[in-house]
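Okay, structure first, notes after.
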Amino acid sequence: MQKDYIHIILADDDEDDRMFFTDAFEELKIGTKVKTFNDGVYLMDYLNAEDCNLPHVLFLDLNMPRKSGLECLNEIKANSKFNDIAIAIYSTSASEEDIEKTFVQGANIYIKKPSSFKTLKKVLSEVVTTNWQYHTNGLNKDNFLLRL
Amino acid sequence: MPYRVYQKPWFVKTVFYACSFVILLVGGITYRNISDLSQASDLVTHTYKINVELEQIFSYLKDAETGQRGSIITNDAQYLEPYYSGRENINNSFVELRELTKDNPKQIENLKELNKLIDVRMACFQKSYSFYAATDMNNPKFKENFLAGKNAMEAVRNKIKEMILLENKSLEAQQVELHKNLKVTPIFLYFVLLMALLLMYGAYAKIASNLKRLKKSNMQLEMFKESTNLSEIVSNHGNWIWNVEEDTYIYSDNLYRLLGEEPHAFLPSLEKFMEFVHPKDVKKLNKAVEKMMASENLPFTYFRVVHKSGKVRHLKAFAKKVVNSEGKTQLIGTTTDVTEEIKSFKLLEQRNHELERNNKELQAFNYVASHDLQEPLRKIQTFLSRLEDKESENVSETSLKYIDRIKTAATRMRLLIDDLLQFSRTNKADKAFEKSDLNLLLEDAKQDLAEVISKEKAVIKANELPNIKVIPFQFQQLFINLIGNSIKYKSETRTPEINIAYSKIRAVDEPKIKKKKGSYHKFTFTDNGIGFDNTYAKKIFILFNRLHNKDEYSGTGIGLSICKKIVENHKGFIFAEGQPGIGATFTVYIPLK
């Protein structure tokens, strides 16, 4: 399997977080191409476009204006075209309710935004290098929330 | 007399009929006796009259004889007077006698014979007198005739004697018969009267006892009525009866009061009652009453009434159909003033509403704390870490020191936010209780604390813990907080050692438990840390209460408050005991049930 780069998308309304995200991947140097969107509407517009280059991993912030991460997750899971996208929830909070909901909706992993840049890099590299095709098989609620 | 018969309701009636019968019987017998007696006296009179008449006849004959003799001797016609009147008198007596003896054939026969004999005697007189008129006294025929007269006289005497004897005999025989009857009756009468008296006594006793019972039950009824009246006043309700057939109503005193009226202020009727009903409820109540009339039943019905004073009260009515002892249908109802209940219910509803709103606000706060507060803090921390990594060579020594201070402050803020969040989450009471193996929960808690335990080389010893119904994640948190607390406040000189002991105890044996009922699971957590002054034993469970400066120890003052809350969620108690420099003991009691 030829792998030029890993295509990654982040939808997050927070400018700082988008910056941390792209900075982290720049420093990681694992052949990734990162695209960011300011909210769910922009994201879905991009994904639904005919000639869209679908990402390998999609990072979704939950709390966004106009269209929330949860709404995006619903739409993506309802469309078989997006079956191969691994979805990582990328949120500030890790409330039981949010974890439960996103797990049921079919997200692959839940990441609580770390409070140190080092940890962020570690988390992102872990998520991106996981082979989600295989990982999905062993998916359960206990390892849904990524702990590092 | 068996008591049961005596108590039967038909007893008095039977006794009454029996007594009436006895009295009638006694009356009948007495009447017969009296008529017997008068008959006897009649008989005596009858016999006496006959005898007198017979004697009379004989006396007349003698008078006639004497007169005749006188006239013969003196040859004077004036002596003949009794002889002439004698015959007439005798005839009169005969008429009398015939009347008296008409029911006695033997005496009639005798009377006829007597008549003939008298005729014979009279014929002799006649003959003698014819001799005398010729003054032929020595005529042998006169003598013969005189003798015949004497013989006839003798025969008459004998006949009269015989008749008197016969009359006396028959009187005697009839009297014996009557006396025989009269002899038994007094004893019989006495006996029957005695019986009647006994029965009457029984009936009297029964009536008296019935009366007593009636009086007693009447008194109880009176008392019951009074207590019903009182209870109506106390519980704010009134009773009413609707006589279905007559369409009349009876109201209890308090029902009038519920309408704001004096008892019996008006004649109860449906129309009158409706006048009190709140205009907005008239339609509703009318419908209920229509239903009540049709089905003879009234389910719980709520409506308002307006007093004359303008006061509005809420009433609740309920009725049930009964058939009384006279077979008449009645609807027995009760109406209660529920104004206060409705008021307090509304207040409760309002409070509930407020509480719900407060809860919602708290949830909103939770979200703010968990999300919005964390976000800027996280960014501060991330930027700090970036500064440290990337720019450490470009900033001065002092700046690095400041950066370090900022980092410490940010870490502390994160700790506070996390703990606060946990504290507010512990609030939730709807967490499910599950039968849990506390040994496993303790293991999980140790796992959570693995890093700090290994760092401090802490030793944790525990008894075998039970399998009880708890909220698992909360109980695990309790273990984490208590063990974490012990390690945090460890002694400088000793490696931390925590002993967890478990036993089942009865409340009466534990002086710390105020409620002396039931049994408890008792857990004690003993450490060898720095301990504390016992004056703070209660204070340490209060939110944000800290015994130490935060420079020395990193506590937020929330951890033990969470412990207290968890234990209270399990309806238990937690106590702390400390000895400065030696250690602290935390005791947790969880009720068995």
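The values are calculated or read from the model by the stated rules, or taken from the named source; none is laboratory data. Remember, predicted model here, so these are calculated numbers, not experimental data. Virtual Cβ from ideal backbone geometry, glycine too; neighbours counted across all protein chains shown. Heads up: the accessible areas ignore ligands, DNA and RNA and are worked out on the full protein's heavy atoms, side chains in. Shrake-Rupley method; radii C 1.70, N 1.55, O 1.52, S 1.80 Å.
In terms of its C-alpha gyration tensor, the stretch A:1-100 has an oblate overall shape, because the principal axis ratio a/c (a ≥ b ≥ c, square roots of the eigenvalues) is not below 1.5 and a/b does not outweigh b/c. Of the solvent-accessible surface of the stretch A:6-138, computed with a 1.4 Å probe over protein heavy atoms with every protein chain present, carbon and sulfur atoms account for 45 percent.
Rg/Rh, computed from the Cα trace of chain B with Rh as the Kirkwood radius, has the value 1.66. Exposed loop sites, defined as GluC sites (Glu not before Pro) outside DSSP H, G, I, E and B with at most 14 other Cβ atoms within 10 Å, are absent from the longest region of chain B, namely B:1-244. Going by the alpha-carbon gyration tensor, a ≥ b ≥ c the square roots of its eigenvalues, is the stretch B:3-206 rounded (a/c under 1.5) or, if a/c is not under 1.5, prolate (a/b greater than b/c) versus oblate? In terms of gyration-tensor shape, prolate.
For the protein assembly as shown, the alpha-carbon coordinates run over 223, 68, 61 Å along the three principal axes, in decreasing order. Which net charge results when you count Lys and Arg as +1 and Asp and Glu as -1 among the other residues whose beta-carbon is under 15 Å from that of residue B:582? Taking every Cβ under 15 Å from that of residue B:582, the sum is -3. Computed from the Cβ-Cβ distance with R0 of 30 Å, the FRET efficiency linking residue A:6 to residue A:41 stands at 0.75. The chymotrypsin sites (Phe, Trp or Tyr not before Pro) of the stretch B:264-366 that meet both conditions, a loop assignment by DSSP and at most 16 other Cβ atoms within 10 Å of the site Cβ, are B:266. May I ask for the percentage of alpha-carbon pairs in the stretch B:325-396 that lie more than 19 Å from each other? Of all Cα-Cα distances in the stretch B:325-396, 71 percent exceed 19 Å. Computed from the C-beta positions of residue B:42 and residue B:200, the FRET efficiency with R₀ = 22 Å rounds to 0.05. Surface composition of chain B: carbon and sulfur make up 58 percent of the accessible area, probe 1.4 Å. Computed from the C-beta positions of residue B:233 and residue B:554 and an R0 of 56 Å, the FRET efficiency is 0.25 to the nearest 0.05. The alpha carbon centroids of the stretch B:21-93 and the stretch A:1-76 are separated by 166 Å. Nearest 100 Å² is fine: what is the total accessible surface buried where chains B and A meet, probe 1.4 Å? What B and A bury together is about 1500 Å².
Beta bridges assigned by DSSP with both partners in chain B are antiparallel in approximately 95 percent of cases. A dipole drawn for the protein assembly as shown from +1 and -1 charges on Cβ atoms has a positive end, and of A:103, B:50, A:21 the residue lying farthest that way is B:50.
Taking every DSSP beta bridge that has both residues in the stretch B:430-591, what percent is antiparallel when rounded to the nearest 5?
For the stretch B:430-591, the DSSP antiparallel bridge percentage is about 85.
When you filter the trypsin sites (Lys or Arg not before Pro) in the stretch B:60-104 for DSSP loop state and at most 14 other Cβ atoms inside 10 Å of their Cβ, you are left with B:102. What residues of the stretch B:560-593 lie in the reach of a label at residue B:502, counting those whose backbone N is under 20 Å from a point 7 Å from the Cα along Cα→Cβ? Label zone hits: B:563-564, B:566-575, B:585-593. Projected onto its three principal axes, the C-alpha set of the stretch B:217-338 covers 45, 32, 24 Å, listed from the longest axis down.
Where only DSSP H runs of four or more residues are counted, the protein assembly as shown gives -19500 deg cm²/dmol as its mean residue ellipticity at 222 nm, each run worth -39500 (n - 2.57). Taken per residue, the accessible surface of chain B reaches 62 Å², heavy atoms only and a 1.4 Å probe. What distance in nm separates the simple spin-label points at residue A:54 and residue B:515, each placed 7 Å from Cα in the Cβ direction? Reported label-point gap for residue A:54 and residue B:515 is 6.0 nm.
Straight-line cross-link partners of residue B:360 among the lysines, defined as a Cα under 23 Å from its Cα and at least 8 positions apart when in the same chain: A:101, B:346, B:428, B:431, B:565. DSSP beta bridges confined to the protein assembly as shown are antiparallel in about 70 percent of cases. Averaging the Cα positions of each part gives two centres, and for the stretch B:275-341 and the stretch B:550-584 these lie 60 Å apart. Relative to the longest principal axis of the Cα atoms of chain B, helix B:140-234 runs at roughly 10 degrees. Give the angle, between 0 and 90 degrees and rounded to the nearest 10, that separates the Cα long axis of helix B:559-569 from the longest principal axis of the Cα atoms of chain B. Relative to chain B, helix B:559-569 is tipped by roughly 20 degrees.
Comparing each chain alone with all protein chains together (probe 1.4 Å, DNA, RNA and ligands left out), the residues of the stretch A:107-121 losing at least 40 Å² of accessible area are A:115, A:117. In the stretch B:352-382, the residues whose accessible area drops by at least 20 square angstrom when the other protein chains are added to the isolated chain are B:367, B:370, B:371, B:374, B:375, B:378, B:379, B:381, B:382; the probe is 1.4 Å and only protein heavy atoms count. For chain B, take the longest principal axis of its alpha carbons; what is the angle in degrees between that and the long axis of helix B:282-295, to the nearest 10 within 0 to 90? Once rounded, the angle reads 50 degrees. So which trypsin sites (Lys or Arg not before Pro) in the stretch B:257-307 are both in a DSSP loop and have at most 15 other Cβ atoms within 10 Å of their Cβ? Those that pass, being in a loop and sparsely packed, are B:280.
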